[in-house]
Amino acid sequence: MKVVETLYAMTGGQSSGSGGNAFLSFLPLILIILVMYLLILRPQAKKQRERQKLLDSVKKGDDIVTIGGMHGKVVGTKNEDKILVVKVDDNVKIDVDRTAVSSISRSS
């Protein structure tokens, strides 16, 4: 019991909830959130913007590869440019969603 009283006297009888200490206790949490934003969320948002830019740039005549691995040439659009008509062979045309495009190679 004597040890507890000695430690209490050494602290000057102050409670641990002072204003300055409250900020310092939240500082590690704030730093973790900041690091998470810089390492995860910001690059992900940048990648999403680049993907949207790619999808918006698809036009008639482009050779594309879909997410499923199908190769073809864009010959038209439907449904307010949400669906692409893709020619995969001489007599074969398929409709694919614009978001299914994985990559584009511009044809000359």
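The values are calculated or read from the model by the stated rules, or taken from the named source; none is laboratory data. Because the structure is a prediction, the values reported are computed rather than measured. Positions of Cβ are backbone-derived with ideal geometry, glycine not excepted, and every protein chain shown enters the neighbour counts.
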message = Kindly evaluate V58 against the criterion of being touching a Leu at 6+ places or on another chain (Cβ under 8 Å) and in a loop (DSSP other than H, G, I, E, B).
response = yes
query = Hey, I104 hits all of (1) without any contact (Cβ under 8 Å) to a residue 40 or more places away in the chain; (2) aliphatic (A, V, I, L, M); (3) touching an Asp or Glu at 6+ places or on another chain (Cβ under 6 Å) but one; which does it fall short on?
reply = (1)
Residues of region 59-83 classified as under 11 Å from R106 (Cα atoms) and touching a residue at least 24 places away in the same chain (Cβ under 8 Å), total = 5
key: Answer from L34, L39, L29, L24 - the residue that is at pLDDT below 90 and either over 23 Å from K78 (Cα atoms) or not assigned by TED's automatic domain parsing to the domain that holds D81 (or both)   = L24
remark   = Per the list (1) touching a strand residue (DSSP E or B) at 6+ places or on another chain (Cβ under 7 Å); (2) within 25 Å of K47 (Cα to Cα); (3) of a type in the set (V, I, T), residue check on T99 breaks on (1)
message = With the requirement that a residue be exposed (fewer than 10 other Cβ atoms within 10 Å of the Cβ) and among the aliphatic types (A, V, I, L, M), what does region 67-108 give you?
response = V92
